[in-house]
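Let me begin by presenting the structure, written as structure tokens, before commenting on it.
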Amino acid sequence: MTEIGRSRPVLEARSKVDGTADYVINHVRHRMLHAAIVRSTEPHAELAGIDADAARASPGVHSVLTGQDVAQVIKDPYYGPAFHDQPILALEKVRYVGEPVALVLADERHIAVAAAALVDVSYRGLKPVFDEVAASAEDAPLVHESLRPGAAFADLRHLAGVRGTNVALHTRLRHGDPDAAWDGGGQVFEHEYHTQQVAHVPLESHCAIAEFVGPDRLEVESGTQSPSFTRLELARLLGWRENQVRVIVPYLGGGFGAKLYMKLEALAAAAALIAGRPVRVAITMDEQFFTISRHATTTRIRSRVDDTGKFLARAVEVYWNGGAYADIGPRVTQKSGFIAAGPYRIDAVAVDSRAVYTNRTPAGAMRGFGVPQMVFAHESHADEIAAATGMDPIELRRRNLLADGDLHATGTRLESAATMEVLELLATKMRWAEEIDRGSGTVRRGRGVAIGLKAVVTPTTSAATVSLAGDGSVTVRQGTVDMGQGSSTVMAVIAGQALGVPPEQIAVLPPDTDATPYDMGTLGSRSTFHMGNAVLAAALDVKRQLMAFAAEVTGCSPADVSCSGGRVAGLTFEEIMSATHGARAGTLVGYGSYTPRTVAPDPKTGQSPAITPFWMVGGSGAEISVDVETGRITVDRIVCVADAGVALNPDAARRQVSGGVVMQLGMTLSEEMRYEDGQLTNPGLGLYKVPTALDVPPDIDVCLIQHPHPAGPYGAKGIGETGTFAVSPAVANALADATGVRIRSLPLSAEKVLRGLHVSKGRRLE
Amino acid sequence: MTSSWTRITFTLNCRAVEAQIRNDETLLELLRREFGLYGARESCGQGVCGTCTVEVGGMPVSSCLYWAVQLDRAEVTTIESLSRDGALDPIQQAFVDAGAFQCGFCTPGMIMMCRGLLRDNADPSDDEIRRWLTGSICRCGAYPEIICAVHAAAAAVKSDAGR
């Protein structure tokens, strides 16, 4: 019986409904100190002095640490996944409001929080810059004096020490002859689109606990999506070997990219090192808004289009507002730059994508790795072209869409990518051929579609072990972090299918770098494919060992030994273990590792014959109602079509996509980090409004297209981010369809819609 | 900074308990610090997300905003008391069956809110469920499944009562 494609509750379901699920915020250590972070009140300033005497004198306060204290124990206290640009605590200057400046340690959290308010920091203000385009100008104030790329990346090395710019990385894609492609017939369209800075808002805020165990061992418990990276980065900072650092990760209360790479772990470790006691650094929901965010973007797209609607040439310029520290922004800039021209056959493409430093909360990866921002631009642009040329939006896309086997602008062929099927199913589900109710009175109704493509991040590695105990029970050790996507269950399904064991009887251990092999990180919808392949290889490895033992025990020829239904050569796993070890004893360990073969893109042109191990395709359609008196948009129905490969746990996969749709709807209609003079005015859930049950459309129709991916474990590929790709432009296109109002900046707030309606009638709205 | 302390007695999950509390301590802090009950969790810290929901005197409250000193002689019920003899409560079971969570962080609070709804309204409509849950945020976006779970739980409670 196959375990593949049967929907099942996640393995940890019971613990999640009875309150016993283990999150890092529940953890305590003996003699543990609690911390509160003192944060910068200035967007850009030199640190003139830190007076912590009053805080230090407070009863219950252990100590107050500054960047100088950290620099005493960690020689080069700068971290980051792409650039080593972020100080553990600010040194010499601050670069955004909310940047950690000092850390108060106390016996209890409430004491630390109260004392943090007593720390007096003085600043000498510098001119700040907040906008990504303004920050790219030659005379812009400089956020960093020079660039500090991490030494591990060959493609960033040339940037080391570059001075006088806020552009951390400028990546280029050149396909065909984009310079010559603008002459000749047809029409040229040019538009500029903006997406806003938004917050991830996992309901569990970041928390890390660090303890030095003996003189040469560091243990960190953290809600991180990147246990292996965190170990590597902590070891680098301490000048230690990786095997001296242990990172333990329980369930995450949401991640969405906010908990990728390192966030609080180095701060907790530095504080524990100085204090000589375990330190817990936990932040509040408000503080999340000063920790990480999704990039705001400005995107300019220019297209030449012939009389039949065919796209002939496209030039895209993208500016990514990376905030004060690079985090993984340069990689977002690069990877999403690759797909910025859209999922279309265009003979000449030029993309220029720039990661820009500004004096805002740093921006990193968030559910789609920059793709939703790009899809908003190219799919709004597509509908603007359709409207201007009088073409049907589906028909325009049909004529231009890349088909499986076509050459993408990166020089890589689309393989196992159901672009056409996604578009056609979207049209069917939207009942596109039928007219819709256009509303009456003060309500106008409309509909829109959009489609996006993503190349999964590469090159990356996952490794896993699958082991058998003396009783034959199966344990999977792997480093993919389950933050609600159901990855542990999927790994159990894969191992269970390979060994003929019910997944519900398999233990998938939480990541612990002392026990679980390397994984690049839980990000970019890569886990089912990469870790799934590693788990499959490990399960097959242990199965081979079992079969060899079975052959020995039974005296059969190894070729005649078969394995099915949890038995090998008719024997249970326990019987084989007992017979081999002379008792119910021993451990069998199977190991698997997976690194897909890809080719690094040419640094000047972005071209590569194999840029990704798999493509993801997501299409969305929206039917909306607009109240023309208030400008308020109500989404009545959303269709989301996702190319899933084979869904290993189909209902869970659908819920992943649906959850992505809901999150992206928030970012489409309401969410926005708002600043005044560099001060964020709406941190926290009281002011920053995320979707509630009332904001969710009554009808979210998620459709999975399932064709086995040839390289995926049991045909599976990644799907987690797909739901986010096309939601925003689908709604923006529906708004234009309903009202004629085209809004080129997210969110599609009632105010912008109302303003647009008034302008379209030749009236002004002050 | 010093805190003053008070001794209180109250009923926690049907058991009489005593606790020495800080006067500025919240019910949420008390549950976690003194009783090791981790089902209620802080998220927003402002009473808008519902992640810390427990019942006091049979009413759902945000325990992050509820002072522990207000508890004297009150009855407090948390998610930990819902399952009996290893069997899940009908709402918990409905959440499992509908897959009404992803990360699970909001789930105990969400279930405690739904309990309050079903006590007042045995057969809520979609719209009534949505309105009741506006103070319970699920960032993973599992609302469609949560609404299904509430309907299923309502049906299960009704059929239990009919037996």
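The values are calculated or read from the model by the stated rules, or taken from the named source; none is laboratory data. The shown structure was predicted, so the numbers you read here are calculated from the model rather than taken from an experiment. Glycine also receives a Cβ, built like all others from the backbone with ideal geometry; neighbour counts cover every protein chain displayed.
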#### Entry: Test: residue A:630 is polar (S, T, N, Q), more than 24 Å from residue A:737 (Cβ to Cβ) and assigned to a loop (DSSP other than H, G, I, E, B)
no
### Query
What number goes with the only condition from (1) of a type outside the set (Ser, Thr, Tyr); (2) within 27 Å of the chain's Cα centre (by Cα); (3) part of a helix (DSSP H, G or I) that residue A:521 does not pass?
(3)
### Task
Report yes if residue B:98 is more than 8 Å from every other protein chain (Cβ to nearest Cβ) and either modelled with pLDDT under 95 or buried (at least 23 other Cβ atoms within 10 Å of the Cβ) (or both), otherwise no.
no
### Task
Evaluate segment B:14-21: report whether one residue or more is buried (at least 16 other Cβ atoms within 10 Å of the Cβ), more than 19 Å from the chain's Cα centre (by Cα) and not assigned by TED's automatic domain parsing to the domain that holds residue B:136.
yes
### Task
Go over the candidates B:124, B:108 one by one and state the one that is over 30 Å from residue A:257 (Cβ atoms), out of contact with any Pro (no Cβ under 6 Å at 6 or more places or on another chain) and either more than 8 Å from chain A (Cβ to nearest Cβ) or part of a helix (DSSP H, G or I) (or both).
B:124
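Quick grid of which residues meet (1) in contact with an Asp or Glu (Cβ under 8 Å, 6 or more places away or on another chain); (2) among the hydroxyl-bearing types (Ser, Thr, Tyr):
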position	(1), (2)
A:343	no, no
A:357	no, yes
A:378	no, no
A:413	yes, no
#### Entry: Residue check, residue A:660 in contact (Cβ under 8 Å) with a residue 60 or more places away in the chain, facing chain B (nearest Cβ under 10 Å) and in contact with a strand residue (DSSP E or B) (Cβ under 9 Å, 6 or more places away or on another chain)
yes
### Query
Here is a list of conditions, (1) in a strand (DSSP E or B); (2) buried (at least 19 other Cβ atoms within 10 Å of the Cβ), and residue A:122 meets all of them except one; can you say which number that is?
(2)
#### Entry: Selection within segment A:195-217 - hydroxyl-bearing (Ser, Thr, Tyr) and in a strand (DSSP E or B)
A:195
### Task
Check residue A:69 against each of (1) within 14 Å of chain B (Cβ to nearest Cβ); (2) under 18 Å from residue A:268 (Cα atoms); (3) more than 25 Å from the chain's Cα centre (by Cα); (4) in contact (Cβ under 8 Å) with a residue 40 or more places away in the chain and name the one condition it does not meet.
(1)
### Query
Hey, any hits in segment B:105-114 for a residue that's surrounded by fewer than 19 Cβ atoms within 10 Å (Cβ to Cβ) and either in contact with a strand residue (DSSP E or B) (Cβ under 8 Å, 6 or more places away or on another chain) or not assigned by TED's automatic domain parsing to the domain that holds residue B:46 (or both)?
no
### Failed condition for residue B:130, given (1) without any contact (Cβ under 8 Å) to a residue 24 or more places away in the chain; (2) more than 8 Å from chain A (Cβ to nearest Cβ)
(2)
## Note on the structure
When every residue in segment B:1-57 that is outside any loop (DSSP other than H, G, I, E, B) and without any contact (Cβ under 8 Å) to a residue 12 or more places away in the chain is compared, the one nearest to residue B:105 (Cα to Cα) is B:32
### Query
Is at least one residue of segment A:445-463 in contact (Cβ under 8 Å) with a residue 40 or more places away in the chain, surrounded by fewer than 22 Cβ atoms within 10 Å (Cβ to Cβ), out of contact with any Pro (no Cβ under 6 Å at 6 or more places or on another chain) and of a type in the set (Ser, Thr, Tyr)?
yes
### Task
Pairs only if they're at least six apart or on different chains, beta carbon under 7 angstrom, first in segment A:127-139 and in contact (Cβ under 8 Å) with a residue 40 or more places away in the chain, second part of a helix (DSSP H, G or I) and hydrophobic (A, V, I, L, M, F, W, C); list them, first residue then second.
A:129/A:135
### Task
Output yes when any residue across segment A:26-36 is outside the structural domain of residue A:333 (by TED's automatic domain parsing), touching a Gly at 6+ places or on another chain (Cβ under 8 Å) and either at positive phi or modelled with pLDDT under 95 (or both), and no when none is.
no
### Query
On the given criteria, is residue A:612 farther than 30 Å from residue A:643 by Cα, of a type in the set (Val, Ile, Thr) and either in contact with an Asp or Glu (Cβ under 8 Å, 6 or more places away or on another chain) or not assigned by TED's automatic domain parsing to the domain that holds residue A:524 (or both)?
no
### Message
Take the residues in segment B:133-142 that are in contact (Cβ under 8 Å) with a residue 12 or more places away in the chain and in a helix (DSSP H, G or I); name whichever of them is surrounded by the fewest Cβ atoms within 10 Å (Cβ to Cβ).
### Response
B:135
### Task
Determine whether residue A:425 is in contact (Cβ under 8 Å) with a residue 60 or more places away in the chain, buried (at least 23 other Cβ atoms within 10 Å of the Cβ) and touching a strand residue (DSSP E or B) at 6+ places or on another chain (Cβ under 6 Å).
no
### Summary
Just one listed residue, out of A:61, A:17, A:10, is within 13 Å of chain B (Cβ to nearest Cβ), without any contact (Cβ under 8 Å) to a residue 12 or more places away in the chain and of a type in the set (A, V, I, L, M, F, W, C), and it is A:17
### Query
Does residue A:394 fit the bill of being assigned by TED's automatic domain parsing to the domain that holds residue A:722 and surrounded by 24 or more Cβ atoms within 10 Å (Cβ to Cβ)?
no
### Task
Evaluate segment B:141-162: report whether one residue or more is of a type in the set (Ser, Thr, Tyr) and either closer than 22 Å to residue A:8 by Cβ or at the interface with chain A (Cβ under 8 Å from one of its Cβ atoms) (or both).
yes
### Query
Any residue at all in segment A:62-82 that is farther than 23 Å from residue A:240 by Cβ and part of a loop (DSSP other than H, G, I, E, B)?
no
### Query
Of A:218, A:232, which residue is over 25 Å from the mean Cα position of the chain (by Cα), more than 14 Å from every other protein chain (Cβ to nearest Cβ) and free of Cβ contacts under 8 Å to residues at least 60 places away in the same chain?
A:218
### Message
Here are the criteria: (1) surrounded by 23 or more Cβ atoms within 10 Å (Cβ to Cβ); (2) in a strand (DSSP E or B). Tell me which single one residue B:60 does not satisfy.
### Response
(1)
### Task
Can you work out which of the residues in segment B:69-94 that are at pLDDT below 95, closer than 30 Å to residue B:4 by Cβ and assigned to a loop (DSSP other than H, G, I, E, B) is nearest to the other protein chains (Cβ to nearest Cβ)?
B:72
